[in-house]
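Accompanying notes for the structure given below.
The values are calculated or read from the model by the stated rules, or taken from the named source; none is laboratory data. Everything quoted here is computed from the prediction, not taken from an experiment. FYI the Cβ positions are ideal-geometry reconstructions off the backbone, even for glycines, and counts take in every protein chain you see.
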């Protein structure tokens, strides 16, 4: 189509970021625990900004930054006794609360949680409920609060919202939330079945003539359109998924010739691979947290 | 309050004793041949009654009732709304070109008119006993809206009218579009997880939805035929039996559970209470071919994780114990007949199996869609 070709070469148009990574290469993740001393456990997670952002900083072509990268903070309060007014619960009462900072996305979010934030909270709760051994803490509550400081884009900012306008950025945000919450729970010394990590895979199409392909950890700003994406919360040691969220039509994906999987199966496997990658970072962060704790126990400086 | 908070994403935790849970689980998990409390086969649905076009004040409506007394009504209303100019860098420059040279019109327009916006479809769900910002209604409406706006027909077979899926159909011209309000009302208490009921009702209501026939052409301000008999269906249909199978239809969301090795469809409340996994799978017919495709999959938090554990005799001071059993219990092993809340997640091959049972030819998905076709619409 001619309109597609003119899009990039249009005079004055800012250039669209391109994916520089291999299709199975993840962005680097920064994950640190214990930054919020008043909470019983906390973590901070950041995704590596895309190279387009660095390029735009050195040679700016537009006032608007080309892409954004996820930054979020997670706090865990508890396990603590339930309020007296609460009814008896034989299990740990898990409450998850995901909130975008008003300045997190390109469009301002209000202070009251909207439907998408509540939806994220429910997804996160599903992911964590499968990992926490709930009957170990009867009559207790655990509050997990996540503040998203910078969100992922749903598409490149220069594109008009069109038929592929679904909130794809939310899926990356959810994967980040799962990984960060898992680190914070471990930092709060709450024992779990395993460290659960989040991963995203997507079937993307770059331009109208390119065949749709599978990429891990996609940045929605780097692709023309995303056909389908999948988030999982994955426990490597048990090879189990506690949360699965797949959306979009992945039946048109072109996998390699000897690959007989359906689009959705390939997506699921891709997301699990991405989660395995995130798990290595998570394990390292939790080890750091444990070392810090051991240092404290041996009479080190109070944090 | 906390009990309700706990049960946010799935339905309420049922009040069944651990012994009953264990009995139910083991009869549902019997290899290859699960025994369900109501005697259905694993893929059999509960009988339901359905009617459409029941509310004269709406563009389309439907009522579905299950035999257990749960009922839902869906009303679809459409409004004409002005499209806010899309802030697209490329279209801005395109517009500038058009103003100067007016060189390209055909292609630019066609691409602009086939796309719509997902926010033009609004869905609200009212469930008695829940506030409208509680997790369950929010989760349900997102779960049902997602595949609806997602279902872009990709096959070339679906003629121009439905090219961009539902969103494309809502575009009137470049400046005007339809906004669709889908209001779902659950009339009874949610006895089981209400998703299948609400999804089927929404499907039927959308099938019966009609929009007034457009009289104006192209980029004029929209002007409609005031004859309601001339109105066109939102999801266009043709007379021939063969072609109707290939037409775009709204997606359906099915609730599937796995218990042990078995996969069970349309679970009742008690069956959900013991499910190891609870998945909501949305399917629709592919535009070009007869096959089905998955539009979305979501895990729903199974209430079995929140159930109360049973106590083995060995730990019960009221009964006599044997040393061997006591040792087993201390090791935290599973004792047959004693209920333990489920832990952990779902294996990948279980998910694949569940999806395959929905998608395969002559499988459950096709059966449900055919059953819905059979409901007299209009």
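Numbers at a glance
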{"item": "Test: residue in segment A:37-45 that is loosely packed, with under 15 Cβ neighbours inside 10 Å and either more than 14 Å from chain B (Cβ to nearest Cβ) or in a loop (DSSP other than H, G, I, E, B) (or both)", "result": "yes"}
{"item": "Residue under evaluation residue A:301, criteria (1) modelled with pLDDT of 85 or more; (2) over 30 Å from residue B:353 (Cβ atoms), criterion not met", "result": "(1)"}
{"item": "Some residue of segment A:149-165 being away from chain B (no Cβ under 13 Å), surrounded by 20 or more Cβ atoms within 10 Å (Cβ to Cβ), touching a helix residue (DSSP H, G or I) at 6+ places or on another chain (Cβ under 9 Å) and modelled with pLDDT of 90 or more", "result": "yes"}
{"item": "Residue check for residue A:179: in contact (Cβ under 8 Å) with a residue 24 or more places away in the chain, within 23 Å of residue A:153 (Cβ to Cβ) and either assigned to a helix (DSSP H, G or I) or facing chain B (nearest Cβ under 10 Å) (or both)", "result": "yes"}
{"item": "Residue match in segment A:92-99 (condition: away from chain B (no Cβ under 12 Å), in contact (Cβ under 8 Å) with a residue 40 or more places away in the chain and touching a strand residue (DSSP E or B) at 6+ places or on another chain (Cβ under 7 Å))", "result": "yes"}
{"item": "Residue count, segment B:231-265 (criterion: outside any loop (DSSP other than H, G, I, E, B) and at pLDDT 65 or above)", "result": "14"}
{"item": "Matching residues in segment A:203-221 - criterion: being out of contact with any strand residue (DSSP E or B) (no Cβ under 8 Å at 6 or more places or on another chain) and crowded, with 24+ Cβ neighbours inside 10 Å", "result": "A:219, A:221"}
{"item": "Test: residue in segment A:101-116 that is within 29 Å of residue A:282 (Cβ to Cβ), in contact with a strand residue (DSSP E or B) (Cβ under 9 Å, 6 or more places away or on another chain) and not in a loop (DSSP other than H, G, I, E, B)", "result": "yes"}
{"item": "Residues of segment B:186-203 satisfying the condition of being touching a helix residue (DSSP H, G or I) at 6+ places or on another chain (Cβ under 9 Å) and at pLDDT 90 or above", "result": "B:186, B:198, B:199, B:200, B:202, B:203"}
{"item": "Criterion (under 30 Å from residue B:35 (Cα atoms), surrounded by 15 or more Cβ atoms within 10 Å (Cβ to Cβ) and more than 14 Å from every other protein chain (Cβ to nearest Cβ)) met by exactly one of B:256, B:184, B:263", "result": "B:263"}
{"item": "Flag for residue A:215 being more than 7 Å from chain B (Cβ to nearest Cβ), over 20 Å from residue B:351 (Cβ atoms) and touching a residue at least 60 places away in the same chain (Cβ under 8 Å)", "result": "yes"}
{"item": "Filter result (buried (at least 24 other Cβ atoms within 10 Å of the Cβ) and either at pLDDT below 90 or closer than 21 Å to residue B:148 by Cα (or both)) within segment A:228-252", "result": "A:228, A:229, A:230, A:231, A:244, A:245, A:246, A:247, A:248, A:249, A:250"}
{"item": "Test set (1) assigned to a helix (DSSP H, G or I); (2) modelled with pLDDT of 80 or more; (3) away from every other protein chain (no Cβ under 11 Å) - residue B:326 fails condition number", "result": "(2)"}
{"item": "Residues of segment B:145-176 satisfying the condition of being at pLDDT 80 or above and away from every other protein chain (no Cβ under 12 Å)", "result": "B:172, B:173, B:175, B:176"}
{"item": "Among the residues listed as A:116, A:140, A:58, A:62, the single one being facing chain B (nearest Cβ under 8 Å) and surrounded by fewer than 21 Cβ atoms within 10 Å (Cβ to Cβ)", "result": "A:116"}
{"item": "All positions within segment B:354-363 that are more than 11 Å from chain A (Cβ to nearest Cβ) and either part of a helix (DSSP H, G or I) or more than 16 Å from residue B:285 (Cβ to Cβ) (or both)", "result": "B:357"}
{"item": "Entirely in segment B:1-114, the helices (runs of 4 or more DSSP H) that have 2 or more residues that are touching a strand residue (DSSP E or B) at 6+ places or on another chain (Cβ under 8 Å) and either at negative phi or modelled with pLDDT under 55 (or both)", "result": "B:2-6, B:18-28, B:106-114"}
{"item": "Any hit, segment A:71-81, residues being outside any strand (DSSP E or B), closer than 19 Å to residue A:183 by Cα and touching a strand residue (DSSP E or B) at 6+ places or on another chain (Cβ under 9 Å)", "result": "no"}
{"item": "Residues within segment B:122-144 that are closer than 17 Å to residue B:190 by Cα and either within 8 Å of chain A (Cβ to nearest Cβ) or not in a helix (DSSP H, G or I) (or both), tallied", "result": "15"}
{"item": "Sole exception among (1) farther than 24 Å from residue B:147 by Cα; (2) surrounded by 24 or more Cβ atoms within 10 Å (Cβ to Cβ) for residue B:309, by number", "result": "(2)"}
{"item": "Those residues of segment A:96-112 which are more than 18 Å from the chain's Cα centre (by Cα) and modelled with pLDDT under 90, in sequence order", "result": "A:107, A:108, A:109, A:110, A:111, A:112"}
